Amino acid sequence: MSDHDTSLRTPIVAVLGHVDHGKTSLLDKIRGSAVSDGEAGAITQHIGATAVPLETIADMAGDLVEVEDFDLPGLLFIDTPGHHSFSTLRSRGGALADIAILVVDVNDGFQPQTEEALDILQRTGTPFVVAANKADTTPGWNPVENSPIKPSYDGQSDVARQRLDENLYEIIGQLSDDGFSADLYWRVQNFQKNIGVVPCSALTGEGVPDVLAVLMGLSQRFMKAEMEIDVEGPGEGTVLEVKDEQGFGATLDVVVYDGTIKEGDQIVVGGVNDPIVTEIRALLQPQPNAEIRVENRFERVESVAAAAGVKIAAPDLDEAMAGAPVRVVRDRAVDDVIEEVKAELAEIEVDTEEEGVVVKADTLGSLEAMANALREAEVPILRAEVGDVAPRDIAVAGTAREPEHTVILGFNVDVLPDAERELEQSEVTLFNDDVIYQLVEDYEEHVAEMQR
Ligand code: GTP
Ligand code: MG
């Protein structure tokens, strides 16, 4: 990446979609590794980030991407596990990702998490391409390994092509129902107005060159101005995950989207209670083309410039929150930076009322998304917090005056053992799911049942 203008930062690409639709496989194909094979049940357990250099992208995309045509250093892909809401990927003022791939299984079509992802893409105005994946499962399909999609598509039998077309038009129709004008990508003239749908297969590699070409085009044409960052400036990032690592205690997996983070830097991180002020003891970065979640041979680095995924080891990180901001203090007054972090957290703070339900979520972003969904459903919230269900939550939910509000709605959280016992003895009902609208639906059904 060194021969490119380092003041242009790597665009951040989120890979989104419903469980099992092929997000990790598509990334595997791109980085030529097989993370998916090493995963328990092929389920992605954590959010990871992978930097793919421009040269690798150009290699994969063949004639569709020429290194000379681009002055971006590459792409930073963030894989979002299906059970994890994409909404974790927030940054100051909006989406952490600059662009996105929405992966849809051609046979399965739109599913709850596809809708959820699309909602967020719409709300944040994030440009995206639709990867209509698993095209190879079309009956009668004749695969052409790693080929661009057009020659492969044109070379299929009429029957196979018609079957695929039916599924593709179903997807295009669903996008249109959601207010997006979409078409097969080779018919799209203006990617600013229309969403390109690329038939592809993470298994055979067909169409993967096209997905990469569209991504590069999107980032080059619409992003270049925003990609120019002050690489020397104090780093800004978002916590993807708080994880215990042997020898380091609680560490942060962070995506840095602006400036530089250095070892020894003082940082401010959003915490469960107050912002945490600490000093970076070590910065650990995976090798290029490696995956942060499975890569144990982290390389200790002195500094990291945006955009990059990095693990931060520092004291006092136990109470850091996934989805929270990280800010390097550098030449500024620490109090100013604390105020900055507080202001950003206040932006996400959920409006609570005197009466309502208790909401618990795994990350700030998912808490925000839950709150939005509940507001739309006109469900009042008494308390909303990031974290597992604790005895205190049951006590709080128990104070609701209306029986329909003695409820805890948990998004992708665990129930602490003491809370489990108390829950059994209380009137409080817990709903726990990893699909937001399922939670809302379950809750509404519960209320309807009570009124019967
Ligand atoms: P989660 O992380 O659990 O949300 O799933 P994911 O979207 O990352 O899906 P993953 O890549 O783990 O793929 C799910 C299953 O679909 C695996 O068994 C893959 O081998 C299979 N699969 C993915 N892409 C394709 C494809 O293009 N063709 C075929 N035939 N199978 C695929
Ligand atoms: Mg996955």
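No lab work stands behind these numbers, since they all come straight from the coordinates. What you see is a predicted model, and the numbers here were worked out from it, not measured in a lab. Cβ atoms come from the backbone with ideal geometry, glycine included; neighbour counts cover every protein chain shown.
Just from the alpha-carbon atoms, what are the Rg and Dmax of the range 147-274 in angstroms?
Considering the range 147-274 through its Cα atoms, Rg and Dmax are 21.5, 63 Å.
What does the net charge come to around Ser181 if you take all other residues with beta carbon closer than 15 Å to its beta carbon, with K and R at +1 and D and E at -1?
Details: positive: Arg187, Lys193; negative: Asp177, Asp178, Asp183.
Its environment carries a net charge of -1.
Taking neighbour Cβ counts within 10 Å as the exposure measure, how do Glu116, Glu145, Glu441 sort from fewest upward? Mind dumping the intermediate values first?
Working: Glu116 22, Glu145 10, Glu441 15.
Placing the least packed residue first, the sequence is Glu145, Glu441, Glu116.
Provide the per-residue ³J(HN,Hα) series for the range 65-80, in order, calculated from phi with Karplus coefficients 6.51, -1.76, 1.60 and θ = phi - 60°, each as a whole number of Hz, with x at glycine and proline positions.
Each residue of the range 65-80 in turn: 10, 10, 3, 4, 7, 10, 10, 9, x, x, 9, 10, 8, 10, 8, 10 Hz.
Can you give the Kirkwood hydrodynamic radius of the chain from its Cα pairs, in Å with one decimal?
When all Cα pairs of the chain are included, the Kirkwood radius is 22.9 Å.
Among 195-207, 234-246, 58-70, how do they line up from the highest to the lowest mean number of other beta-carbon atoms within 10 Å? Before the final figure, lay out the partial values.
On the way: 195-207: 24.9, 234-246: 20.1, 58-70: 15.4.
Answer by packing, highest mean first, reads 195-207, 234-246, 58-70.
For the chain, with only Lys/Arg (+1) and Asp/Glu (-1) charged at the beta-carbon, what is the dipole magnitude about the Cα centre, in debye rounded to 20?
Details: 33 positive and 87 negative charges, 200 e Å.
Around 960 debye, computed over the chain.
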